[in-house]
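*Asks:* First the structure, then my questions, so here it is.
The values are calculated or read from the model by the stated rules, or taken from the named source; none is laboratory data. For clarity, every value in this text was computed on a predicted model and none was experimentally measured. Glycine also receives a Cβ, built like all others from the backbone with ideal geometry; neighbour counts cover every protein chain displayed.
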Amino acid sequence: MNIFLYMMTVFIWGSTWFAITFQLSTIPIDISICYRFGLASLLLFGWCFCKKLHLKFPRKIHLFFMAQGFFLFSINYMAAYAASHYIASGLNAIGFSMVLVFNIINSFLFYRTPLTRPVVFGALCGGIGMMVTFLPALSTLDLSNESLIGIFLSLLGGVLASFGNMISARNQKNNIPVMESNAFAMGYGALWMLGIIWFKGISLQFDTSYPYVLSLVYLSIFGSIFAFGCYLTLLGRIGASKAAYSLVMVPIVALGVSTLFEDFLWEPHIFAGIGLIILGNIIILAKKTARNVIIEETQAPVSLRKAA
């Protein structure tokens, strides 16, 4: 079951990079993000109502939903999309995939998850693989102001997403179901974006073209509901460190999609990079270490459990 969740996360999010290109139209990205998670939230609430799931939670829990929406379904996407204006998509993918490293660090800080050798070595292997894969983009990098801004925004998106991961892990440790949690958190994420749109003085608008509408529906249903549902469920089962490794695999799938639709050309350094990523994948997802990390990461601090 974990393998299925892992593969669904990787392949769906790998395809969303292509779908996102159709969202970069005349509509400000802030509005597109608001539409994406607003629609996803409404659909999730509809599903919860049909299944007659419990949707009443204490105010304290709603504060965590709001925080999750803020870090995972709003400003992290703003940072990632803004970075694309300053650096190449490959560098942006590298920056965002650093969520893996940030999750390992934050899991240790917030949950005292031990930094085991297989997890650290596998993460290091995957990070090197990512850099080798996008070697040409890295070799042409200059330290101009725009490049530094782009790198900062990309890494910021990864840091913010990692905080959202920690909040989701906390919710699951306190027996809050993923679907109900996501319904509220995505709704709050859309409201956060609506507030940002109002603060910026941007007028709401909509692109009725087929590419925009279809990509919005795909990103809302598959990229948000299904992919986040699979990823956050996986996060609760095997821990934030291992679940985040799927984000290192996502750009590789994105390259495959780009090969089919954008005539992307494969070169030797790409094969070498993918080989390192797969090796890291094998190391970090080994059954023995997976069992240990499940035990380690489900042992949240007593103070955190009492906070629920």
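*Asks:* I'd like to check something: does the range 227-244 contain any residue that is under 15 Å from the mean Cα position of the chain (by Cα) and over 30 Å from Gly46 (Cα atoms)? Don't jump to the end; show me each part of the working.
*Replies:* From the range 227-244, those under 15 Å from the mean Cα position of the chain (by Cα) are 227-236, 239-244; that's our starting set.
From what is left, the residues that are over 30 Å from Gly46 (Cα atoms) are 241-242.
There is at least one residue in the range 227-244 that is under 15 Å from the mean Cα position of the chain (by Cα) and over 30 Å from Gly46 (Cα atoms).
*Asks:* Looking only at residues that are over 22 Å from Ile61 (Cα atoms) and either over 13 Å from the mean Cα position of the chain (by Cα) or basic (Lys, Arg) (or both) in the range 147-185, which one is modelled with the lowest pLDDT? Lay out the reasoning, then the answer.
*Replies:* Filtering the range 147-185 for residues over 22 Å from Ile61 (Cα atoms) gives 147-159.
Okay, now just the ones that are also either over 13 Å from the mean Cα position of the chain (by Cα) or basic (Lys, Arg) (or both), so 147-153.
On the way: Ser147: 70, Leu148: 77, Ile149: 82, Gly150: 79, Ile151: 78, Phe152: 86, Leu153: 87.
Per the stated criteria, the residue is Ser147.
*Asks:* Cβ contacts < 7 Å: first residue more than 21 Å from Ile33 (Cβ to Cβ), restricted to the range 57-74; second residue outside any helix (DSSP H, G or I), any location; separation 6+ or different chain. Result?
*Replies:* Hits for this filter: Ile61/Ile176.
*Asks:* Which pairs do you get when a residue that is within 15 Å of Ile238 (Cβ to Cβ) and at pLDDT 85 or above, found in the range 107-123, comes within reach of a residue that is of a type in the set (Ser, Thr, Tyr) and assigned to a loop (DSSP other than H, G, I, E, B), reach meaning Cβ atoms under 6 angstrom, with the pair 6+ apart or on two chains?
*Replies:* Matching pairs, first to second residue: Ser107/Thr113.
*Asks:* For Ile128, which of the numbered conditions (1) surrounded by 18 or more Cβ atoms within 10 Å (Cβ to Cβ); (2) not in a loop (DSSP other than H, G, I, E, B) fails to hold?
*Replies:* Going through (1) surrounded by 18 or more Cβ atoms within 10 Å (Cβ to Cβ); (2) not in a loop (DSSP other than H, G, I, E, B) one by one, Ile128 breaks only (1).
*Asks:* Still on this structure, please answer the following. In the set Leu109, Leu124, Leu160, Leu153, which member is under 22 Å from His269 (Cβ atoms) and out of contact with any Pro (no Cβ under 8 Å at 6 or more places or on another chain)?
*Replies:* Numbers: Leu109 fails: under 22 Å from His269 (Cβ atoms); Leu160 fails: under 22 Å from His269 (Cβ atoms); Leu153 fails: under 22 Å from His269 (Cβ atoms).
Criteria check complete, one pass: Leu124.
*Asks:* Being in a loop (DSSP other than H, G, I, E, B), modelled with pLDDT under 85 and either surrounded by fewer than 21 Cβ atoms within 10 Å (Cβ to Cβ) or under 12 Å from the mean Cα position of the chain (by Cα) (or both) is the filter here, so list the residues in the range 65-96 that pass it. Can you show your working first?
*Replies:* Going through the range 65-96, the residues in a loop (DSSP other than H, G, I, E, B) turn out to be 73-74, 84-88.
Next cut, modelled with pLDDT under 85 only: 84-88.
Across the range 65-96, the qualifying residues are Ser84, His85, Tyr86, Ala88.
*Asks:* Evaluate the range 200-207: report whether one residue or more is assigned to a helix (DSSP H, G or I) and on the phi < 0 side of the Ramachandran plot. Step through it out loud before you land on a result.
*Replies:* Pass one, the range 200-207, residues assigned to a helix (DSSP H, G or I): 200.
If we keep only those that are on the phi < 0 side of the Ramachandran plot too, we end up with 200.
Yes, the conditions are met somewhere in the range 200-207.
*Asks:* Among the residues of the range 257-264, is any modelled with pLDDT of 70 or more, part of a helix (DSSP H, G or I) and within 20 Å of the chain's Cα centre (by Cα)? Break it down into steps so the answer makes sense when it comes.
*Replies:* Let us first name the residues in the range 257-264 that are modelled with pLDDT of 70 or more, namely 257-261.
Now drop any that are not part of a helix (DSSP H, G or I), which leaves 257-261.
Pick out the ones that are also within 20 Å of the chain's Cα centre (by Cα) and you get 257-258.
Within the range 257-264 (the criterion being modelled with pLDDT of 70 or more, part of a helix (DSSP H, G or I) and within 20 Å of the chain's Cα centre (by Cα)), the answer is yes, since at least one residue qualifies.
*Asks:* Here's a follow-up. Checking Met166 against (1) buried (at least 17 other Cβ atoms within 10 Å of the Cβ); (2) in contact with a Pro (Cβ under 9 Å, 6 or more places away or on another chain): exactly one of these is not met. Which one?
*Replies:* Result: Met166 passes all but (2).
*Asks:* While we're looking at this one, here's another question. Give the residue, chosen from His54, His62, that is part of a loop (DSSP other than H, G, I, E, B) and surrounded by fewer than 22 Cβ atoms within 10 Å (Cβ to Cβ).
*Replies:* Working: His62 fails: part of a loop (DSSP other than H, G, I, E, B).
The conditions single out His54.
*Asks:* When you look at Ser168, is it in contact with a helix residue (DSSP H, G or I) (Cβ under 8 Å, 6 or more places away or on another chain) and in a helix (DSSP H, G or I), yes or no? Spell out the reasoning first.
*Replies:* Values: in contact with a helix residue (DSSP H, G or I) (Cβ under 8 Å, 6 or more places away or on another chain): yes; in a helix (DSSP H, G or I): yes.
Yes, satisfied.
*Asks:* Across the range 186-215, what is the total count of residues that are touching a Phe, Trp or Tyr at 6+ places or on another chain (Cβ under 6 Å) and either modelled with pLDDT of 95 or more or exposed (fewer than 14 other Cβ atoms within 10 Å of the Cβ) (or both)?
*Replies:* 6
*Asks:* Residue by residue through the range 5-20, note down the ones that are touching a helix residue (DSSP H, G or I) at 6+ places or on another chain (Cβ under 8 Å) and either free of Cβ contacts under 8 Å to residues at least 40 places away in the same chain or hydrophobic (A, V, I, L, M, F, W, C) (or both). So that I can check it myself, show each step before the final result.
*Replies:* Applying the first criterion (touching a helix residue (DSSP H, G or I) at 6+ places or on another chain (Cβ under 8 Å)) to the range 5-20 yields 5-6, 8-20.
Passing the criteria: Leu5, Met8, Val10, Phe11, Ile12, Trp13, Trp17, Phe18, Ala19, Ile20.
*Asks:* Any idea which residue in the range 22-51 is farthest from the chain's Cα centre (by Cα), counting only those that are assigned to a helix (DSSP H, G or I) and among the small types (Gly, Ala, Ser)? If you could, list the steps in order and put the result at the bottom.
*Replies:* First, the residues of the range 22-51 that are assigned to a helix (DSSP H, G or I): 22-23, 29-50.
Subset that is among the small types (Gly, Ala, Ser): 32, 38, 40-41, 46.
On the way: Ser32: 17, Gly38: 17, Ala40: 15, Ser41: 17, Gly46: 23 Å.
Taking the candidates together, the pick is Gly46.
*Asks:* Also, I was wondering about something else. Please work out which residue is modelled with the highest pLDDT, limiting yourself to the range 132-146 and to residues that are in a helix (DSSP H, G or I) and surrounded by 15 or more Cβ atoms within 10 Å (Cβ to Cβ).
*Replies:* Applying the first criterion (in a helix (DSSP H, G or I)) to the range 132-146 yields 132-133, 135-139, 145-146.
Those still in the list that are surrounded by 15 or more Cβ atoms within 10 Å (Cβ to Cβ) too: 132-133, 135, 137-138.
On the way: Val132: 83, Thr133: 74, Leu135: 75, Ala137: 65, Leu138: 66.
Filtering first and then ranking leaves Val132.
*Asks:* In this structure, does Val99 turn out to be at pLDDT 80 or above, farther than 28 Å from Ala169 by Cα, touching a helix residue (DSSP H, G or I) at 6+ places or on another chain (Cβ under 8 Å) and buried (at least 17 other Cβ atoms within 10 Å of the Cβ)?
*Replies:* On the way: at pLDDT 80 or above: yes; farther than 28 Å from Ala169 by Cα: no; touching a helix residue (DSSP H, G or I) at 6+ places or on another chain (Cβ under 8 Å): yes; buried (at least 17 other Cβ atoms within 10 Å of the Cβ): yes.
No.
*Asks:* Return yes when Ala19 is assigned to a helix (DSSP H, G or I), within 29 Å of Met249 (Cα to Cα) and modelled with pLDDT of 95 or more and no when it is not. Steps first, please.
*Replies:* Values: assigned to a helix (DSSP H, G or I): yes; within 29 Å of Met249 (Cα to Cα): yes; modelled with pLDDT of 95 or more: no.
No; evaluated as a whole, the condition is false for this residue.
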